[in-house]
Amino acid sequence: RPAAMEPVSLPEGLSGSVGEAEAKAFLGENGVPVNRGQIVGTAEQASEAAALLDGPFVVKVVSPDIVHKSDVGGVVLGLETPDDVARAVTRMGASIAQKLPDARIEGFLVQEMRTGKVELLVGARNDPQFGPMIIVGAGGVLVELLRDVAVAMAPVCEKKARSMIESLQIAKLMQGFRGSAELDIDAAAQAVSRISWIVSDIGPRFCELDVNPLLVAEAGKGCVAVDARILLD
Ligand code: ADP
Ligand code: MG
């Protein structure tokens, strides 16, 4: 167990499919770096929320019926001003209502946009035979394309998490390939280890977790989970 990491218990009321905002709040409370954001219901609330955050901003749809938000135009990146955020919410609401008339739209997540040089996927599954397993791989759009993943039984210490990351093809891009900057593998390994302890601590109610992506910045600049989903019993 990483130093200074208390055993994790699930917050009251968390069950079933836990969406991005709640999942990241839970991960953030347990030491995984996450970006700041707020769920809003209207365009006006969206610009007010943005005014309290640091730009640039991102708007995402919040719907129990939409798992892959960007597939349906439910993610807009790079919004510069609170007014841009308000307009994005209005447009997104209209276009999703038209494309998916049956989808329940619970609101919109206004959040801070962050940068990273590499996107990792950090996943976990509760295997009926082996218990919680932790998965690290090339994230974002590369997931399906490359199938560049490492799997281990959870929990894993930071050293093991680091060796999982270093076993990936994408690690070459993180280790200063052809003069590109070295990335913060230490921070990514710490996040992976913490996530592995979190899912192990949850116990039998844990089913699945996906952090995709974990954005990894240059060495010393950390990493941040900008999307997450948890499935509980
Ligand atoms: P999806 O439900 O489609 O997985 P995501 O929330 O992962 O939606 O957003 C899609 C993509 O947009 C991510 O893979 C990432 O590249 C980018 N992205 C999302 N949120 C942020 C953010 N806060 N900062 C920077 N990039 C982001
Ligand atoms: Mg995602």
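Kindly establish whether Ser47 is within 16 Å of ligand 2 (Cβ to nearest atom) and surrounded by 15 or more Cβ atoms within 10 Å (Cβ to Cβ). So Ser47 does not fit the description; no. If you go through the range 122-138 and pick out every residue that is open to solvent by 20 Å² or more (accessible area, probe 1.4 Å) and among the hydrophobic types (A, V, I, L, M, F, W, C), you end up with 3.
Of all residues in the range 91-98, one or more are open to solvent by 50 Å² or more (accessible area, probe 1.4 Å), among the basic types (Lys, Arg), more than 14 Å from ligand 2 (Cβ to nearest atom) and in a helix (DSSP H, G or I).
The residues of the range 5-39 that are small (Gly, Ala, Ser), assigned to a loop (DSSP other than H, G, I, E, B) and free of Cβ contacts under 8 Å to residues at least 12 places away in the same chain amount to a single one, Gly13. Can you tell me how many residues in the range 195-233 are within 16 Å of Met153 (Cβ to Cβ), more than 16 Å from ligand 2 (Cβ to nearest atom) and of a type in the set (D, E, K, R)? Final tally of qualifying residues: 1. Only one of the numbered conditions (1) out of contact with any strand residue (DSSP E or B) (no Cβ under 7 Å at 6 or more places or on another chain); (2) closer than 24 Å to Phe57 by Cβ; (3) of a type in the set (A, V, I, L, M, F, W, C) is violated by Ala187, and that is (1). Residue selection: Pro56 satisfies the criterion of being farther than 25 Å from Val199 by Cβ and within 11 Å of ligand 1 (Cβ to nearest atom). Restricting attention to the range 54-78, the residues being crowded, with 19+ Cβ neighbours inside 10 Å and not charged (D, E, K, R) number 9.
Being among the polar types (S, T, N, Q), at pLDDT 95 or above and in contact with a helix residue (DSSP H, G or I) (Cβ under 9 Å, 6 or more places away or on another chain) is not true of Ser9. Taken across the range 24-42, residues that are open to solvent by 30 Å² or more (accessible area, probe 1.4 Å), at pLDDT below 95 and among the aliphatic types (A, V, I, L, M) do not occur at all. Just a yes or no: is a residue in the range 127-147 closer than 30 Å to Ala43 by Cβ and of a type in the set (S, T, N, Q)? There is no residue in the range 127-147 that is closer than 30 Å to Ala43 by Cβ and of a type in the set (S, T, N, Q). For Leu209, indicate whether it is within 28 Å of Val61 (Cβ to Cβ) and within 11 Å of ligand 1 (Cβ to nearest atom). So Leu209 does not fit the description; no. Within the range 192-224, the set of residues being in contact with a Gly (Cβ under 6 Å, 6 or more places away or on another chain) and among the charged types (D, E, K, R) comprises Arg194, Asp210. The single residue among Lys160, Lys172 that is surrounded by fewer than 14 Cβ atoms within 10 Å (Cβ to Cβ) and either of a type outside the set (Asp, Glu) or within 16 Å of ligand 2 (Cβ to nearest atom) (or both) turns out to be Lys172.
Checking every residue in the range 198-211 against the condition of being at pLDDT 95 or above, polar (S, T, N, Q) and open to solvent by 40 Å² or more (accessible area, probe 1.4 Å) gives zero matches.
The values are calculated or read from the model by the stated rules, or taken from the named source; none is laboratory data. What you see is a predicted model, and the numbers here were worked out from it, not measured in a lab. With ideal geometry, Cβ positions are generated from the backbone for all residues, glycine too; neighbour counts draw on all protein chains shown. Heavy atoms of the whole protein, side chains included, go into the accessibility calculation; ligands, DNA and RNA do not. Shrake-Rupley method; radii C 1.70, N 1.55, O 1.52, S 1.80 Å.
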